[in-house]
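The structure appears right after this line, and notes come after that.
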Amino acid sequence: MNKRKLKVVVFLSWILCVAFFCILKFTSDVNSQASKPQTEKKPSDELINKFDQAIHRRFLEQPNFGIRRIGPQPNPHLETFVPASEDEKNSVTGFQEEGWAVGLYLFGRRANEIPVKKNGKTVKKLHVVNKLNAPLPITEKLKSDDLAKSESLLEQVKIAFQVFQTSDNYEFEFNNRAYVAKPVRAMNESCLQCHTDFYITKQVAKKTYKYRPRKVGDTIGVLVYSFEKAK
């Protein structure tokens with residue numbers, strides 16, 4: 001074998017060795033990443049949905065209105081959530097056994113026509129008011145002060161209202177917490193006896209809306225669940 005061929009063989013051997021070790025390292029890195037436990041940002045969908053369904057039943061079965069069907073607000077000294085059914089108890093126990101600190105928010109929105117002057121004429125304009133409630137701790141050892149202020153989540157809730165025109169789930173993150181939003185819909189005609197305002201069908205642009213009278217199935221509120229690992 002002449003020197004030129006020998007150099008080619010050595011060069012190709014070197015290339016193969018480099019490629020071989022690169023493949024080994026890549027495979028090792030992939031296996032290492034796969035073996036590391038993935039950090040969970042929220043509980044399982046099954047546990048969240050089970051609790052959400054139990055909370056939704058409160059809007060049909062519990063007295064009072066709005067957040068008072070869920071928690072003892074507005075009394076700040078009685079901020080503890082009290083499970084009202086076995087499903088709620090089991091869900092709260094499940095959250096706590098898996099090490100989750102869970103909070104709950106309820107947002108409402110009212111839209112009414114108000115008369116305004118425009119070019120010397122009186123016209124009707126849609127007036128939107130967002131209803132914010134203080135967050136309610138669901139799991140033990142969690143205080144309302146540990147949870148983000150409702151105002152800080154409002155922009156995401158506005159998006160959720162739009163998403164819920166075609167979906168029943170909206171998720172987002174804020175300050176290292178995971179949030180899952182679910183719609184509270186008008187479940188029957190009796191809901192519309194109190195919720196007599198307009199339903200915003202589409203947000204065309206900022207502060208520009210299409211709207212119509214409410215119907216059964218329309219979103220009348222948004223429940224937001226907050227999740228982080230208990231400290």
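Calculate, for V129 and S44, the FRET efficiency according to 1/(1 + (r/R0)^6) with r their C-beta to C-beta distance and R0 25 Å; round to the nearest 0.05.
Details: r = 36 Å, r/R0 = 1.42.
The calculated FRET efficiency here is 0.10.
Between K117 and K231, what length in nm is gained on full extension when 0.36 nm per residue of separation is reduced by their alpha carbon distance? All intermediate terms of the calculation are to be shown ahead of the outcome.
On the way: separation 114, 0.36 × 114 = 41.04 nm, distance 5.47 nm.
Working it through step by step, the gained length comes to 35.6 nm.
Using alpha-carbon positions, what is the distance between the centroids of the stretch 157-228 and the stretch 104-148, in Å?
11
Given the pairs K89/K202; K158/K215; K42/K215; K121/K182, which span a C-alpha to C-alpha distance of over 30 angstrom in this model? Each step should come with its number before you reach the end.
Details: K89/K202 38 Å; K158/K215 20 Å; K42/K215 33 Å; K121/K182 41 Å.
Going by Cα-Cα distance, K89/K202; K42/K215; K121/K182 fall outside the 30 Å limit.
Sequence neighbours fewer than 8 away in the same chain don't count; with that in mind, list the aspartates and glutamates whose C-alpha is under 20 Å from K125.
Filter leaves E113, D197.
Given points 7 Å out from each Cα along the Cα-Cβ axis, report the R58 to E140 separation in nanometres with one decimal.
Spacing of the two 7 Å Cα→Cβ label points: 2.0 nm.
Of the cross-linked pairs K141/K229; K149/K210; K131/K231, which ones have a Cα-Cα span greater than 20 Å in the structure shown? Walk me through the numbers on the way to the answer.
Working: K141/K229 12 Å; K149/K210 29 Å; K131/K231 30 Å.
Beyond 20 Å between Cα atoms: K149/K210; K131/K231.
Obtain the nm distance between the two label points defined at Q165 and K215 by a simple spin-label model: each point lies 7 Å from its Cα along the Cα-to-C-beta direction.
Between Q165 and K215, the label points sit 1.4 nm apart.
Each value in this text was obtained by applying a stated rule to the coordinates, not by laboratory testing. On a predicted model such as this, the values are computed, not experimentally measured, just so you know. Every residue, glycine as well, gets a Cβ built from its backbone with ideal geometry; the counts of neighbours run over all protein chains shown.
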